[in-house]
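S.K.: What follows is a single structure, and I will ask about it in a moment.
Just so you know, all these numbers are worked out from the coordinates, no wet-lab data involved. Predicted model only: the values in this text are computed from it and were never measured. Please note: Cβ atoms are built from the backbone with ideal geometry, for glycine as well, and neighbour counts cover all protein chains shown.
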Amino acid sequence: MRLLDYELPEELIAQHPAAKREESRLLVVDCASGSLTDSRFADLGRWLRAGDLLVVNETRVRPARLFVRRATGGRVELLFVRAEAGDDARWRVLAKPAKHAAVGARLATADGSLVVEVEAEGEQGERVVRIAAGSLDATLRAQGEVPLPPYIRHAPTAEDLERYQTVFARVEGAVAAPTAGLHFSSALLASLADAGVDRVAVTLHVGPGTFRPITADDPREHEMEEEWFEVNAAAAEALRAARAAGRRIVAVGTTTVRALESMADANAGRFAAASGWTRKYIVPPYRFQAVDALITNFHLPRTTLLLLVAAFAGEERLREAYAHAVRERYRFYSYGDAMLVV
């Protein structure tokens, strides 16, 4: 299996969101006919059907990036990924520069409201820290930043604080937004509901591993980092009823796909409630159990997200779609345009 790569002019990497959520462009990829159609996200209802079940990821991005200082005064950036084994006093973090967060180091905010001690080291800047003093939750809410992706080169602004959340974000716990959902506005969701498109929510707390590039020569050797997902009983019943009635299940984003497929794996292919830690990794070829159509962004090359979309759309069809998007000057990545694969 080949890694998917492509050349992208830097000016196509979106640095700022569209003025309105639904003003993004939409590339519709029809797998049956192979056709590519340029559209607008505001016209999504044209491509969906009454009875379709739209599945969204309701995770909410935590202001998880915090700057602290060593005793010598050097600044260290910490990204608080998740509590360690359910212990709110110990957290898995990404540290930058990692060499300044050695085991035993005590790191504190400039005002001393939070002090952490590094207890363990991992690879790629991972550390386990213990909250030695102060409240992490209160400090993040007062001083934390929304962790924008590294290819967005400006510091987080007030616009980012609002725009880097989906309109259906409810359950805090992600360190990155499920970006396909960023295109939706409340007005668009209402118009889809009026047209008979149903909606249900699941949760997958997006972690940094989702976006890490694949470095193995064989993509199948890549290991996903675990992320928490939940499909509750009500959502599972809505999914089961839709499938039984022959209605399409339309996943909004690759993280939603991974939550749905993790649910199916946990229940031997059945639609039933499921939750827990998942390392679900989808590469071509793959038989999807719980998804009939996919709304997604344009993803970075050599990433697990791109391989998932390739498994859904087909590798050659996806190459054609991305080449078309580059020619037609679509905007790429988190704040970019969208693609609907049906």
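S.K.: Which FRET efficiency, nearest 0.05, do Asp137 and Arg287 yield, Cβ-Cβ r, R0 30 Å?
M.R.: Working: r = 42 Å, r/R0 = 1.39.
After rounding to 0.05, the efficiency reads 0.10.
S.K.: Starting from the stretch 1-75, pick out the chymotrypsin sites (Phe, Trp or Tyr not before Pro) whose DSSP state is loop and whose Cβ has at most 16 other Cβ atoms within 10 Å. Could you put the intermediate results ahead of the total?
M.R.: Numbers: sites: Tyr6, Phe41, Trp47, Phe67; in loops: Tyr6.
Qualifying residues, ordered by number: Tyr6.
S.K.: Sticking with this one: May I have the extent of the alpha carbons of the stretch 65-143 along their three principal axes, as whole Å values ordered from largest to smallest?
M.R.: 31, 29, 19
S.K.: Using alpha carbon centroids, what distance separates the stretch 101-115 and the stretch 258-284, in Å?
M.R.: After rounding, the separation between the Cα centres reads 38 Å.
S.K.: Still on this structure: Report Rg(Cα)/(2.2 N^0.38 Å) for the stretch 1-150, keeping two decimals. Mind showing how you got there, number by number?
M.R.: Working: Rg = 21.6 Å, N = 150, 2.2 N^0.38 = 14.8 Å.
Here the Cα radius of gyration is 1.46 times the empirical estimate.
S.K.: If you don't mind, another one. Stick to Cα atoms and the Kirkwood definition of Rh, then tell me Rg/Rh for the stretch 104-211.
M.R.: Rg/Rh for the stretch 104-211 comes to 1.06.
S.K.: Still on this structure, please answer the following. What fraction, in whole percent, of alpha-carbon pairs in the stretch 166-244 exceed 22 Å separation? Provide the component values of the computation, followed by the final result.
M.R.: Numbers: 1349 of 3081 pairs.
Every Cα pair in the stretch 166-244 considered, those over 22 Å come to 44 percent.
S.K.: Assigning unit charges at the beta carbon (Lys, Arg +1; Asp, Glu -1) and nothing else, what dipole magnitude in debye, to the nearest 20, does the chain show about its Cα centre? Write down the numbers at each step before the final one.
M.R.: Values: 43 positive and 46 negative charges, 50 e Å.
It works out to roughly 240 debye.
S.K.: Here is a follow-up. Once the piece of chain linking Ala32 and Asp88 is laid out straight, how much longer is it, given 0.36 nm per residue of separation minus the C-alpha distance between them? Write out the running numbers ahead of the final one.
M.R.: Values: separation 56, 0.36 × 56 = 20.16 nm, distance 4.88 nm.
Full extension from Ala32 to Asp88 adds 15.3 nm.
S.K.: With bins 10 Å wide starting at 0, give me the P(r) of the stretch 185-342 over every alpha carbon pair, in whole percents.
M.R.: Pairs per bin, as whole percents: 10, 37, 37, 14, 1.
S.K.: On to the next question. Have a look at Ser275, Ser186, Ser262 and tell me which one the Gaussian network model of the chain (Cα, springs below 10 Å) gives the largest fluctuation.
M.R.: Evaluated over the chain, the most mobile residue of the options is Ser186.
S.K.: Run through the DSSP bridge list for the chain and note the antiparallel percent, rounded to the nearest 5.
M.R.: Working: 46 of 65 bridges.
In the chain, approximately 70 percent of DSSP beta bridges are antiparallel ones.
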